Amino acid sequence: MNIAILGAGTIARKMAQAINGMDSAKLYAVASRSLDKAKAFAAEFGIPHAYGSYEDMASDPNVELVYIATPHSHHFEHMKLVLEHDKPVLCEKPFTVNAKQAREIMELAKQRKLLVAEAMWTRYLPMRSMLDDILKSKTIGDVQSLTANLGYEMTQKVRLTEPALAGGALLDVGVYTVNFALMVLGDAIKRIDSSVLLTKTGVDAQSSTTLVYDKVLAMLNSSMMANTDRRGMIYGPKGYIEVQNINNPEYIRVFDPVHKLLKELKQPQQINGFEYQVQACIDAIETGKTECPQHPHAAILAVMDIMDELRRQWNLRYPFE
Ligand SMILES: NC(=O)c1ccc[n+]([C@@H]2O[C@H](COP(=O)([O-])OP(=O)(O)OC[C@H]3O[C@@H](n4cnc5c(N)ncnc54)[C@H](OP(=O)(O)O)[C@@H]3O)[C@@H](O)[C@H]2O)c1
């Protein structure tokens, strides 16, 4: 399948490496706002077509799937552009800035019968179904609570501090903790409690969130101020599960109530982990689906609704909202 990259920034490079390692996908084009930048990126990754405009790339009839790797603030605009040129989309996380934008994009994709998917790569990784199997086995009994954290020191990145680019830790890394909780516990949340500290620019520097379910609690932390251990812990009456690292699990360990290691599962060999979401999109397109079963639209919306509620509690609105 011919894949094009829209936006030749940092994460686009990781995607280019993944696609270049796949047999089922071909890196066909790259588009940047600067033709020189697109040409340099194309030369580095052996991409045959370089475009100096996103629209020109989207108009190329040979493009079969577009991967969008622009700042959060621009996902809505760029997904719309690509869908209106009748191309399926895999868009970087967060899918959009808010749930209203997400619903509009999903409706457009549905009308045009095109795939639109979020590159929340942890949903597509083999470690996700390995964790599902452990939970189904009830080795630790019924889950009672979980914790998850994700933080990196990212204060120098303009994309993270700038309100106009939808900065803040929640949309960038907190989104992984929310996805982790929902993959384990589902979305039947009764209440959301949270605390936040803002940056001087007014976006969330770090936050602590509790998702309150009927009988279960999920405690989540995200930060752009500190490097955290990236762990997800799942607790039950008969033991607990450690997921190291929720951003691309390296191993999953299962412990009994007296902290004895019962089982350890290691990450299967991967190109860099991005290949699974690309393959899921290829499979979905080839079977006429408009969403990926690994990460359906309802799941994307559930996460967007939670992030909207958190920003409502924090009184954090972006200038373009
Ligand atoms: N899945 C993951 O592990 C992961 C990791 C990091 C980031 N991400 C996501 O990927 C997206 C991009 O992050 P990144 O770190 O790659 O960002 P980045 O290095 O700043 O690159 C973003 C690219 O978007 C394009 N762009 C279009 N309009 C822009 C504007 N107004 N301002 C700045 N750039 C603009 C630029 O490409 P051109 O100049 O070529 O047009 C730029 O190079 C974010 O949504 C982020 O959440 C995902």
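The values are calculated or read from the model by the stated rules, or taken from the named source; none is laboratory data. Remember, it's a predicted structure, so these values are computed and weren't measured experimentally. With ideal geometry, Cβ positions are generated from the backbone for all residues, glycine too; neighbour counts draw on all protein chains shown. Side chains included, ligands, DNA and RNA excluded: accessible areas come from the protein's heavy atoms. Shrake-Rupley method; radii C 1.70, N 1.55, O 1.52, S 1.80 Å.
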**Asked** Picking from N149, N179, which residue would you name as being in contact with a strand residue (DSSP E or B) (Cβ under 9 Å, 6 or more places away or on another chain), touching a residue at least 24 places away in the same chain (Cβ under 8 Å) and assigned to a strand (DSSP E or B)?
**Response** N149
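A quick yes/no check of all residues on (1) away from the ligand (no atom under 13 Å from the Cβ); (2) β-branched (V, I, T):
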{"site": "Y54", "(1), (2)": "no, no"}
{"site": "P61", "(1), (2)": "yes, no"}
{"site": "T70", "(1), (2)": "no, yes"}
{"site": "H74", "(1), (2)": "no, no"}
{"site": "E77", "(1), (2)": "no, no"}
{"site": "L83", "(1), (2)": "yes, no"}
{"site": "K93", "(1), (2)": "no, no"}
**Complete:** P319 passes all but one of the listed conditions (1) open to solvent by 50 Å² or more (accessible area, probe 1.4 Å); (2) more than 16 Å from the ligand (Cβ to nearest atom); (3) out of contact with any strand residue (DSSP E or B) (no Cβ under 6 Å at 6 or more places or on another chain); the exception is number (2)
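Residue-wise test of (1) under 18 Å from M304 (Cβ atoms); (2) away from the ligand (no atom under 16 Å from the Cβ).
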| position | (1), (2) |
| --- | --- |
| K138 | no, yes |
| V143 | no, yes |
| K157 | no, no |
| L160 | no, no |
| N179 | yes, no |
| I192 | yes, yes |
| K200 | no, yes |
**Fill in**
Every listed condition ((1) without any contact (Cβ under 8 Å) to a residue 60 or more places away in the chain; (2) among the small types (G, A, S); (3) part of a helix (DSSP H, G or I); (4) open to solvent by less than 50 Å² (accessible area, probe 1.4 Å)) holds for S73 save (1)
**Request:** From the list A38, A29, A18, A25, pick out the single residue that is open to solvent by less than 20 Å² (accessible area, probe 1.4 Å), more than 14 Å from the ligand (Cβ to nearest atom) and farther than 20 Å from V158 by Cβ.
**Result:** A25
**Prompt:** Does region 152-163 contain any residue that is buried (at least 24 other Cβ atoms within 10 Å of the Cβ) and in a loop (DSSP other than H, G, I, E, B)?
**Reply:** no
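If only one of R103, R112 is under 19 Å from the mean Cα position of the chain (by Cα) and at pLDDT 95 or above, which one is it?
Numbers: R112 fails: under 19 Å from the mean Cα position of the chain (by Cα).
Being under 19 Å from the mean Cα position of the chain (by Cα) and at pLDDT 95 or above holds for just one of R103, R112, which is R103.
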**Request:** Looking at (1) part of a helix (DSSP H, G or I); (2) within 16 Å of the ligand (Cβ to nearest atom); (3) farther than 26 Å from K215 by Cα, find the lone condition where G174 falls short.
**Result:** (3)
